[in-house]
1. Applying the selection to the stretch 1-32, what residues are open to solvent by less than 50 Å² (accessible area, probe 1.4 Å), in contact with a His (Cβ under 7 Å, 6 or more places away or on another chain) and free of Cβ contacts under 8 Å to residues at least 60 places away in the same chain?
2. Tell me, yes or no, whether the stretch 48-55 has at least one residue that is free of Cβ contacts under 8 Å to residues at least 40 places away in the same chain, more than 16 Å from LEU5 (Cβ to Cβ), in a strand (DSSP E or B) and of a type in the set (A, V, I, L, M, F, W, C).
3. So which residues in the stretch 70-116 are open to solvent by 70 Å² or more (accessible area, probe 1.4 Å), hydrophobic (A, V, I, L, M, F, W, C) and under 21 Å from GLY39 (Cβ atoms)?
4. If I ask for residues that are under 18 Å from ALA73 (Cα atoms), of a type outside the set (S, T, N, Q) and assigned to a strand (DSSP E or B), which ones from the stretch 1-20 would you list?
5. If you go through the stretch 10-63, how many residues are closer than 18 Å to VAL89 by Cα, of a type in the set (Asp, Glu) and within 11 Å of the chain's Cα centre (by Cα)?
6. Inspect the stretch 71-79 for any residue being touching a residue at least 60 places away in the same chain (Cβ under 8 Å), outside any helix (DSSP H, G or I) and over 16 Å from THR20 (Cα atoms) and give the result as yes or no.
Amino acid sequence: MTEKLQIEARRVSPNAAVLTVTGPLGSATAPALLAEGAGLVDAGHRNLVLDLTGVASCDGAAAGVFLDLHQLARSLGGEVVLTGIRGLVQRQLERSAVIGALRTTLNTRDALSMLGVTGTG
């Protein structure tokens, strides 16, 4: 049985949202994350936190999606912060230079604080 990608969106302020991602993140599933994130940015949530705690691995397509979302958010004065990265995901994002291009933190609360969003987490 193939594990399915799950994306839970939580709007935490008028201009910020958290996307909690669970499951495989690769070329077959990354477009769903891009669509979900782009929809939130287009709706005014220009700051996104991507919680990757539930992602055990990712590939270059996923790394590209993170960078695409960040570029979209930046074009509107926002940004993307990654949280919960570890193991294989961390290694892939280091190889693809996503770590360094995007800010990262250990947990969602710290990521929201980085974005100036308080009182949630």
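The values are calculated or read from the model by the stated rules, or taken from the named source; none is laboratory data. Because the structure is a prediction, the values reported are computed rather than measured. Here the Cβ positions follow ideal geometry from the backbone for every residue, glycine too, while neighbour counts run over all protein chains shown. Surface areas here come from the heavy atoms of the whole protein model, side chains and all, with no ligands, DNA or RNA. Shrake-Rupley method; radii C 1.70, N 1.55, O 1.52, S 1.80 Å.
1. Hit for the stretch 1-32 is ALA17, nothing else.
2. yes
3. LEU76
4. Result: ALA9, ARG10, ARG11, VAL12, ALA16, ALA17, VAL18, LEU19.
5. Final tally of qualifying residues: 1.
6. yes
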